[in-house]
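The values are calculated or read from the model by the stated rules, or taken from the named source; none is laboratory data. Source: prediction; values computed, not measured. Note: ideal-geometry Cβ built from the backbone for every residue, glycine included; neighbour counts use all protein chains shown. Just so you know, the surface numbers come from the protein's heavy atoms only, side chains and all, with ligands and any DNA or RNA stripped out. Shrake-Rupley method; radii C 1.70, N 1.55, O 1.52, S 1.80 Å.
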Amino acid sequence: TAARFSVGAGKDWIRFDTSDLFFHVSTLAVSARGEGETSITEYWKTILGVDTRLTRASVELELPSLPDSSSSASTGAATARHVQVNKNLEEAGLYWRNTFLIGDPRWTLSPGLRLDHFNATHQALLSPRGAMKYELTPSWQIRTSGGGYVQPPQAQEIDSNLGNPELKSQHAWHLALG
């Protein structure tokens, strides 16, 4: 039986300026993860974990306004459109990963499940995952893994002034062989 815990923090920013127009993005994220591992039998090990990420996103931009398409004549210089988005995004995940030694001890099967909750989209999504490994020698192995993965939209993508507040999380199926 073992327990592992980790925390992390990071800041990202993008700045793009041209004369009076600009695009600034800044995010500050804090994450934490904890998991417990136990051996059920000599052939079955299970891991149950939880992780969370809190993100403070700030997006500010100044864009030129587009002329009104219903107007036939230009009314002069276009005015700039200023948009500012400040959002707190919360993500929480619960995962269960297993490792089974099957038959020949060189084969390992690892099924798992992950449940994610995103406050930005009010979604709770379940994703199955799995992996299989064959040990050719102690130094060489063949492994395949795959599963469902989800990602919530970014703060600016769900803002009513800039994006679409009805956006939902993206879903993808990944498969790896190596």
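At a glance:
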item: Subset of segment 33-70 (residues that are of a type in the set (Asp, Glu) and modelled with pLDDT under 95); result: 42, 60, 62, 68
item: Residue in segment 75-94 that is open to solvent by 90 Å² or more (accessible area, probe 1.4 Å) and under 26 Å from residue 46 (Cα atoms) present; result: no
item: Number of the condition not met by residue 171 [criteria: (1) part of a strand (DSSP E or B); (2) touching a Pro at 6+ places or on another chain (Cβ under 9 Å)]; result: (2)
item: Verdict on residue 30 being modelled with pLDDT under 95, surrounded by 10 or more Cβ atoms within 10 Å (Cβ to Cβ) and β-branched (Val, Ile, Thr); result: no
item: Hey, residue 144 open to solvent by less than 100 Å² (accessible area, probe 1.4 Å) and either over 30 Å from the mean Cα position of the chain (by Cα) or modelled with pLDDT under 95 (or both) or not; result: no
item: Residue check, residue 128 more than 16 Å from residue 88 (Cβ to Cβ) and open to solvent by less than 90 Å² (accessible area, probe 1.4 Å); result: yes
item: Restricting segment 149-163 to residues that are open to solvent by less than 70 Å² (accessible area, probe 1.4 Å) and part of a loop (DSSP other than H, G, I, E, B), the residue that is farthest from residue 95 (Cα to Cα); result: 162
item: The listed residue being among the hydrophobic types (A, V, I, L, M, F, W, C), in contact with a His (Cβ under 6 Å, 6 or more places away or on another chain) and modelled with pLDDT of 95 or more, out of 124, 176; result: 124
item: Single residue of segment 95-111 satisfying the filter (closer than 30 Å to residue 152 by Cβ and aromatic (Phe, Trp, Tyr)) that is most open to solvent (accessible area, probe 1.4 Å); result: 96
item: Any pair with Cβ under 9 angstrom, 6 or more apart, that starts in segment 141-168 at a residue that is of a type in the set (Phe, Trp, Tyr) and ends at one that is surrounded by 14 or more Cβ atoms within 10 Å (Cβ to Cβ); result: 149/114; 149/127; 149/129
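One line per residue, one yes/no per condition, for (1) within 17 Å of residue 176 (Cβ to Cβ); (2) part of a loop (DSSP other than H, G, I, E, B); (3) in contact with a strand residue (DSSP E or B) (Cβ under 7 Å, 6 or more places away or on another chain):
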site	(1), (2), (3)
117	no, no, yes
121	no, yes, no
126	no, no, yes
143	yes, no, yes
147	yes, no, yes
